[in-house]
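Okay, structure first, notes after.
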Amino acid sequence: MAAVPRVAMPIGSADARMPLLDAVKGVACVLIVGHHLARYGPMADSASALAPSFFGWLAQHGRLAVQIFLVLAGFLAASSLAPDGVLRVDRPMARVARRYGRLVMPYLVALSCSVVVAALVRPWLNDEAVPDAPVIAQLIAHALLLQDLLGYDALSTGVWYVAIDFQLFVLALAALGWVRWLERRWKVNAARARWLAVALVLGLVAASLAVFNRDPALDDTALYFFGAYGLGMLVFWIGRATRDSTWRLAALTLALLGAGALAIDWRSRIAVALVAALAIAVAQRWQWLRPTGCPALWQPLVQLGEMSYSLFLIHFPVILLVNTVVQRWWPDQAWPALWGMGFTVALSLAAGLLLYRQVEMRAASWKAVLTLFAGLLACGALSAA
């Protein structure tokens, strides 16, 4: 069976002081879930007859929403690691370990659900989206976020992005840590160190956009995705400019960098990332990210954005489960398939909220991580029995 196809979702807690970003996450999350519904399982084939253009667009282009998440992830990484351009982390390895624990706790729960649901539906749903029964090495690789680098098929959609997000975080931390080492080793003053950090990230972004992102062989690595992620980091630092002329020059530099990369090789994903980055830069400059009051109409989207990681992780097993029921009782019927999609969204929201409140919001600990790791191995063993 083919590996589960790749579509991504942003990771990281929502910044409560930036409800606009959460609202954007909510919209993008809906697009990603819709993209999966339009691509995977027999319901997609049946329902598409009702609106072929819409479902075709969603299946083909809905995945581009991931670029927004990449930009936002870089933006939030810069705000937490180096808000003024200088690394503010005293224990980098401890920070990496904390990041890993925070990522994998809801991830391991959702992955266990995917393994169990796949085992339940496999006799009834003959579809390439259903993962094969996992082997022990595959489960361990997933738990360590190494599945793609080691060549294992994915056990759920989006698990590749969790691994890439972790790689991007480590790469950003390493780059900023190297600048801090130079600052201490060569007695570089803080102002120059700040500019050096910006220049280093800018260089990595340029290399990613012009070279690495054009090589499919690198799409399992952070280098492939650092263009969009680094744009988010640069946008955060641009927002720290105190002079309008400095901000305009920095924004223009960013726009020209992106335009140059697109002139070399047009890629819709990079165009979306560039537009998202520039839009966030403008919103940040005009202080729209932290409005004095959040419109009531935004609240559902803000709340959806806050739980977007959990929703993304858990919606795939729900898709498998509902597809199986609909195909079993109403095979190849358009309207039941459409209603099944709606039920999938509702059930995914409920499951995502439960995962968010019961797992993601809790403080990560090694005891909890190891317990969930053991749970994944147990689920894998039972599904293969």
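Do the sum for the chain: with -39,500 (n - 2.57) for every DSSP H run of n ≥ 4, divided by all residues, what is the mean residue ellipticity at 222 nm, to the nearest 500 deg cm²/dmol?
-23500 deg cm²/dmol
So, counting K/R as plus one and D/E as minus one, what does the shell of residues with Cβ under 14 Å around Ala28 add up to?
+1
Would you mind calculating the relative contact order of segment 19-384 from Cα pairs under 8 angstrom and at least 6 residues apart, reporting the percent as a whole number?
Relative contact order for segment 19-384 comes out at 35 percent.
Just flag the trypsin sites (Lys or Arg not before Pro) in segment 70-117 sitting in loop per DSSP whose Cβ has no more than 15 other Cβ atoms within 10 Å.
Taking segment 70-117 and a limit of 15 other Cβ atoms within 10 Å, the loop trypsin sites (Lys or Arg not before Pro) found are Arg88.
Chymotrypsin sites (Phe, Trp or Tyr not before Pro) within segment 243-318: which are DSSP loop residues with at most 16 other Cβ atoms inside 10 Å?
Within segment 243-318, the qualifying chymotrypsin sites (Phe, Trp or Tyr not before Pro) (loop, at most 16 other Cβ atoms within 10 Å) are Trp266, Trp286, Trp288.
What trypsin sites (Lys or Arg not before Pro) does segment 155-226 have in DSSP loop regions with at most 16 other beta carbons within 10 Å?
Passing both the DSSP loop test and the Cβ count: Lys187.
Find out how many positive minus negative residues lie around Val369, taking Lys and Arg as positive, Asp and Glu as negative, among other residues whose Cβ is under 15 Å from that of Val369.
Net of charged neighbours comes to +4.
Which three extents, in angstrom, do the Cα atoms of the chain have along their principal axes, listed largest first?
Extents along the principal axes: 68, 44, 43 Å.
Can you bin segment 112-261 into rounded, prolate or oblate? Criterion: square roots of the alpha carbon gyration tensor eigenvalues sorted a ≥ b ≥ c, rounded for a/c under 1.5, prolate for a/b above b/c, oblate for the rest.
Prolate is the answer for segment 112-261, as a/c is 1.5 or above and a/b outweighs b/c.
So which helices of the chain fit the span-like rule, where a helix is a whole DSSP H run, its Cα atoms reach 20 Å or more along the axis, and its mean Kyte-Doolittle is at least -1.0?
19-39, 66-81, 92-121, 159-185, 190-210, 222-238, 244-264, 268-285, 308-329, 334-355, 366-384
What is segment 201-317's relative contact order, in percent, from Cα pairs under 8 angstrom and six or more apart in sequence?
Relative contact order here is 23 percent.
If each of Arg98 and Ile136 carries a label point 7 Å out from its Cα toward its Cβ, how far apart are those two points in nm?
3.5
Please build a GNM for the chain, connecting alpha carbons under 10 Å apart, and tell me which residue among Val275, Val109, Val130 fluctuates the most.
Comparing Val275, Val109, Val130 in a Gaussian network model of the chain, the most mobile one is Val275.
Translational diffusion coefficient, Stokes-Einstein: compute it for segment 76-133 using the Kirkwood radius over C-alpha pairs as Rh, at 37 °C and 0.692 mPa s, and state it as an integer in µm² s⁻¹.
Calculated translational D: 226 µm²/s.
Since every read-out is calculated from the coordinates, none of them should be taken as a lab result. It should be emphasised that the depicted structure is a prediction, and the values quoted were computed from it without experimental measurement. Cβ atoms come from the backbone with ideal geometry, glycine included; neighbour counts cover every protein chain shown.
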